[in-house]
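As structure tokens, the structure follows; a few thoughts come after it.
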Amino acid sequence: MSLSTSTPEIQATHRQNVARTVSNLRPVRPHTPFYRLAAHRVPTLWVLYRGLLRASPSPIVRSHIQALFRNHRHLTSPPLTRIQLEKGHRWLDAFERAKQGDEHLRSVLQRFERLICARREHTRMTRIVNDSLSWQHRLLNRPIFSTTLIKPSLYNGPLPRLKPQPDHISGMLRKRRVARNRRVERRQALSSQIRDLQAEVKFEARLAAKGGAQFETFFGGPNLAEWRDPIQSSLTEIQATFERDNARANRPTPPDLLSQLKAARREKVANKTRERERQMRGEVLSATRRQSRLGFPAHALAPWDPETRKANLIARRSTSKVGYVGQVKRALGYKIPPEDEEVLDEEARERLDRLEEEIRRSNESRRCEEALTERTEQGCVVKPE
């Protein structure tokens with residue numbers, strides 16, 4: 001009898017037999033991770049790790065074993081964990097054989113110990129160099145007082161202006177600006193909801209007045225407080241934040257900050273004095289190179305304002321005599337002829353007119369000779385005998 005023609009009871013019994021046979025061959029996948037099972041932890045900690053520590057040939061190798069186990073304690077992949085466990089068991093076997101008297105393994109472990117010492121020394125020197133470089137970078141880019149004050153605003157109180165400005169101060173200002181914009185949008189939305197609620201209350205009151213019958217209200221009457229109180233409390237909180245912003249903008253400058261700014265200004269004057277003294281001794285500083293690129297000595301630049309300094313630099317660095325450069329040079333007193341004809345005198349204008357007339361007559365006579373020569377070649381003009 002085939003399975004298709006059998007009764008449902010026989011089919012169910014057949015499926016159970018098949019499932020019972022296959023279930024013994026199916027691999028069991030535990031719900032607990034392997035690194036939490038006692039079958040993994042006990043052999044790893046009490047056999048492998050403890051054995052490696054006891055069989056280590058020296059304290060240096062023992063500390064290296066501890067560091068390796070600390071670095072690999074976060075492995076959660078069974079294949080990778082198996083690779084590390086197999087390597088650990090190979091090391092344990094080598095340690096025990098060397099402890100029993102194997103000279104070759106003893107020499108190998110001695111070289112391994114020297115390699116660990118060399119790696120540690122290399123790591124220590126690398127760390128020292130990196131720390132020195134990072135310290136130099138922090139020194140070159142450390143924030144310093146610029147002797148000025150950031151005025152109080154809605155987003156910050158009185159702050160010293162630092163160069164370069166630290167990232168956390170810039171992030172604070174940006175975060176407060178974004179938060180205030182969001183609060184403004186939130187207040188507008190809540191105010192709109194309050195107006196909508198008032199419109200709904202008026203609408204229900206008009207319906208009740210026109211209908212005359214008993215009208216159940218959903219927004220007005222006793223339900224008005226339940227709708228309005230949460231919105232009003234949110235508006236009160238937002239208004240409190242705006243008041244705190246205004247108080248921050250009106251906060252006076254602390255006396256300690258003023259004293260620090262005064263000290264920074266005195267230090268700036270002293271620093272510039274030391275810089276000039278070093279320049280006078282012949283040292284080439286960044287300020288020296290910057291002044292040399294200006295094109296004028298310091299005693300000439302000192303009495304000039306920024307506008308005059310800019311005009312003199314433009315006139316000195318350009319050889320042009322027309323346009324904006326020519327205008328600047330004329331304003332500074334350079335001997336450059338003017339471009340406009342209105343400023344020419346009568347003698348110069350008459351001389352230019354005579355030259356123009358001579359050039360015009362010369363061009364006309366030359367054109368006539370060329371036209372006569374062309375007609376002669378074409379045979380249009382008969383020459384006299």
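The values are calculated or read from the model by the stated rules, or taken from the named source; none is laboratory data. This structure is a prediction, so every number in the text was calculated from the model and none was measured. Positions of Cβ are generated from backbone atoms using ideal geometry, with glycine treated the same way; all protein chains shown enter the neighbour counts.
A few notes on this one:
- Selection status of Ser191, farther than 17 Å from Thr236 by Cβ and either loosely packed, with under 14 Cβ neighbours inside 10 Å or among the basic types (Lys, Arg) (or both): no
- Scanning the stretch 115-146 for residues that are without any contact (Cβ under 8 Å) to a residue 60 or more places away in the chain and of a type in the set (Phe, Trp, Tyr) yields a total of 1.
- The single condition among (1) part of a loop (DSSP other than H, G, I, E, B); (2) over 30 Å from Arg36 (Cβ atoms); (3) among the β-branched types (Val, Ile, Thr) that Thr76 does not satisfy is (2).
- Residues in the stretch 147-158 that are without any contact (Cβ under 8 Å) to a residue 60 or more places away in the chain and either surrounded by 13 or more Cβ atoms within 10 Å (Cβ to Cβ) or aliphatic (A, V, I, L, M) (or both): Ile150 only.
- Filtering Thr126, Thr32 for residues that are hydroxyl-bearing (Ser, Thr, Tyr) and outside any helix (DSSP H, G or I) leaves a single hit, Thr32.
- Any hit, the stretch 328-345, residues being modelled with pLDDT under 90, assigned to a helix (DSSP H, G or I) and of a type in the set (Asp, Glu): no
- Near pairs, Cβ below 6 angstrom, 6+ apart or cross-chain, from the stretch 227-238 (under 13 Å from Ala189 (Cβ atoms)) to any residue that is assigned to a helix (DSSP H, G or I) and not β-branched (Val, Ile, Thr): Ile231/Leu190; Ile231/Gln193; Ser234/Leu190; Leu235/Leu190; Ile238/Arg183; Ile238/Arg187
- Neighbours by Cβ (under 8 Å, 6+ apart or cross-chain): first from the stretch 180-200, in the same structural domain as Arg244 (by TED's automatic domain parsing) and among the β-branched types (Val, Ile, Thr); second in a helix (DSSP H, G or I) and surrounded by 12 or more Cβ atoms within 10 Å (Cβ to Cβ): Ile194/Arg228; Ile194/Ile231; Ile194/Gln232; Ile194/Leu235
- Pick from the stretch 296-327, criterion charged (D, E, K, R) and in a loop (DSSP other than H, G, I, E, B), ranking: nearest to Asn271 (Cα to Cα): Asp305
- For Glu86, the test of being of a type in the set (Asp, Glu), more than 36 Å from the chain's Cα centre (by Cα), surrounded by 14 or more Cβ atoms within 10 Å (Cβ to Cβ) and more than 30 Å from His168 (Cβ to Cβ) is failed.
- Every residue from the stretch 237-295 that is touching an Asp or Glu at 6+ places or on another chain (Cβ under 8 Å) and in a loop (DSSP other than H, G, I, E, B): Leu285
- Filtered residue count, the stretch 239-278, keeping only those that are farther than 30 Å from Arg186 by Cβ and among the polar types (S, T, N, Q): 5
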